[in-house]
Amino acid sequence: MKLSNENSQALFKRALERIPGAVNSPVRAWRAVGGAPAFIHSGQGAYLRDADGNRLIDYVGSYGPAILGHAHPAVVAAVADQAGRGFSFGAPTELEVELAERIAAAIPIAEKVRLVSSGTEAGMTALRIARAATGRNGIIKFDGCYHGHSDALLVRAGSGAMTLGVPDCAGVPEALAALTRVAPYNSLAAVERYLSAEPKAIAAVIVEPLAANMGVVPPAPGFLRELGDLAHRHGALLICDEVITGFRLRYGAAYELYDAAPDLIMLGKIIGGGMPVGAIAGRAALMDLLAPAGPVYQAGTLSGNPLSVRAGLETLKLLAQPGVYERLEAAGARLAAGLGAALAAAGRGGCVNRAGSLLTLFLGTDRVSDGASARRADPAAFARFFHAMFDRGVNLPPSQFEAMFVSLAHSDADLDATIAAARAALAAD
Ligand code: HOZ
């Protein structure tokens, strides 16, 4: 039965008058699945309540930050307490030192940490450091990886760009885009070709250690270790974009799971507990290139603002407790197994890619290992599946090319209800 959406439709119409495309970030507009997006009234634990009063089991999780579930009481209390002390001062606080220390303690290469306000800023700044450190301008990224919307990185990008089929963005100067080389994810040969063809041209190779912006695509065994070796042999840096994976797959960075040796990493999402945040972290020698210690300028009025930092600190404290990542792994595995079984029961082509609490159900293709194979999925089938799930009370990311995010708030009953909904949705399609 179709859920009521009169209020969301009315809000959508109103938003279209004053907000480009009615949303403040493109994927939210449901363009890939059609219809007026659900406007959200509130979130609690694993659930959202939309503007029409529908209760939904949520797997968007704010695209990653909501690893504890929505409005966790301890995080709410920390933010409320901080709000009473002031939102932002334009001056350093002890809280920022505490968060940098906590990140440094969890991530071996994070000798120094610079907080910013978004993953986009983190990517932009990581590139600037790499270019300054190497005296080179070129970068290599991977088709379908997304590192925020800064000019240099919005080339063959995943996430909203892939969803909307606009991987190369209007308004990015050609001369700038020409500095970005694009390789297929998991292809060392393509990276080697670029590095060998233009010695001393490439400043950095940037990669999501686990790709999660073309749907979830794990790295091939040894890929990241060899990628770092390759980059370093050619005098280039390796930047791991851990905006999604940082503190998601383990307490710390995911690069350690895959035996990678990055020079810099980008963080975001979870370290801000749902408030705006980003970070660049790495060895002191590189990080000290940043102003005022060094010549690479970077700044931000709200960087390291106390509200984001308190929310992040409280979230990390809760994630540091024993058993947390085992629970996330078990929940992710339960859901992935159930979705896989639902596909098989319906006799449908598709596959489930998963790492820990991140997963994607690809429809219409049996193996996804890079951007090209992700694009072989069937977006029309996904759109039907999305709506069938929504009408059964399950909120999926509205794109085949985003990850589902499982949180600590999802109970086995929530996961099993989701699996039952998927079985019914696939069987009815
Ligand atoms: N990095 C986010 C997940 N792909 C994107 C969020 C958004 O585009 O709104």
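Please list, in order along the stretch 381-388, the HN-Hα scalar couplings obtained from phi with the Karplus expression 6.51 cos²θ - 1.76 cosθ + 1.60 (θ = phi - 60°), rounded to whole Hz, x for Gly and Pro.
5, 5, 4, 5, 4, 4, 5, 5
Please identify every one of the GluC sites (Glu not before Pro) in the stretch 208-293 that sits in a loop by DSSP and has no more than 10 other beta carbons within 10 Å of its own beta carbon.
none
With springs only between Cα atoms under 10 Å apart, run a GNM on the chain and tell me which of Ala374, Ala32, Ala91 wobbles the most.
Among Ala374, Ala32, Ala91, the largest mean-square fluctuation in the Gaussian network model of the chain belongs to Ala91.
Rounded to the nearest 10 degrees, what's the angle between the helix 306-319 long axis and the longest principal axis of the chain, both from Cα atoms, 0 to 90?
70 degrees
Can you list the residues, at least 5 places off or on another chain, whose amide H is less than 5 Å from the amide H of Leu68, using H built in the peptide plane?
When sequence neighbours closer than 5 places are left aside, the close amide H contacts are Leu408.
Please list 202-209, 266-273 highest first by mean number of surrounding beta-carbon atoms within 10 Å per residue. Walk me through the numbers before you get to the answer.
Details: 202-209: 26.9, 266-273: 28.5.
In descending order of packing, they fall as 266-273, 202-209.
Can you put Cys351, Cys240 in order of Cβ neighbours within 10 angstrom, beginning with the fewest?
Cys351, Cys240
What is the set of long-range amide H partners of Ala203 at a cut-off below 5 Å, with H atoms built 1.01 Å from backbone N?
Asn137, Gly138, Ile139
Springs between alpha-carbon atoms under 10 Å, Gaussian network over the chain: tell me which of Asn54, Asn353, Asn305 tops the mean-square fluctuations.
Asn54
If the viscosity is 0.692 mPa s and the temperature 37 °C, what translational diffusion coefficient in µm²/s does Stokes-Einstein give for the stretch 10-126 when Rh comes from Kirkwood over Cα pairs?
Taking Rh from Cα pairs, D becomes 186 µm²/s.
Check Val394: other-chain or 5+ apart residues with amide H under 5 Å from its amide H, H built from backbone geometry?
Here Ile57 satisfy the definition.
Can you figure out the FRET efficiency of Arg376 with Ala345, using R₀ = 25 Å and their beta-carbon distance, to the nearest 0.05?
0.65
Which three lengths, in whole Å and largest first, does the stretch 122-243 cover when its Cα atoms are put on their principal axes?
37, 34, 24
Quick check on packing: order 119-130, 288-299 by the mean number of other C-beta atoms within 10 Å, highest mean leading.
Ranking the peptides 119-130, 288-299 by packing returns 119-130, 288-299.
Which angle from 0 to 90°, rounded to the nearest 10, does the C-alpha axis of helix 324-345 make with the longest principal axis of the chain?
50 degrees
Against the longest principal axis of the chain, how steep is helix 6-18, in degrees 0 to 90 to the nearest 10, with axes from Cα atoms?
Compared with the principal axis, the helix lies near 40 degrees.
What is the log10 of I(q)/I(0) for the stretch 332-392, computed with the Debye formula using one identical point scatterer on each Cα and no solvent, at q = 0.30 Å⁻¹?
Evaluating at q = 0.30 Å⁻¹ gives log10 I(q)/I(0) of -1.35.
Alpha carbons only, please: Rg and Dmax for the stretch 73-169, in angstrom.
17.5, 48
Please check: in the Gaussian network model of the chain (C-alpha springs, under 10 Å), which one of Gly86, Gly246, Gly34 has the largest mean-square fluctuation.
Gly86
Place the peptides 5-11, 168-174, 194-200, 63-69 in order of packing, highest mean first, counting for every residue the other Cβ atoms within 10 Å and averaging per peptide. Walk me through the numbers on the way to the answer.
Numbers: 5-11: 17.1, 168-174: 10.4, 194-200: 13.7, 63-69: 23.4.
With the highest mean Cβ count within 10 Å placed first, the list reads 63-69, 5-11, 194-200, 168-174.
Considering the convex hull of the alpha carbon atoms of the chain, report its projected area averaged over all viewing directions, in nm², one decimal.
Numbers: hull surface 78.8 nm².
Taking the Cα atoms of the chain, their convex hull projects to 19.7 nm² on average.
Relative to a virtual label point 7 Å from the Cα of Glu111 in the Cα→beta-carbon direction, which members of the stretch 255-281 show backbone nitrogen distances below 13 Å?
Inside the label zone: 263-264.
Given a cut-off of 32 Å, name the pairs among Lys112/Lys200; Lys200/Lys317; Lys2/Lys317 whose C-alpha atoms lie farther apart than that in the structure shown.
The answer is Lys200/Lys317; Lys2/Lys317.
Read the figures in this text as sums done on the coordinates, not as results from a lab. Everything numeric in this text was worked out from a predicted model, so none of it was measured. Cβ: placed from backbone, ideal geometry, glycine included. Neighbour counts: every protein chain shown.
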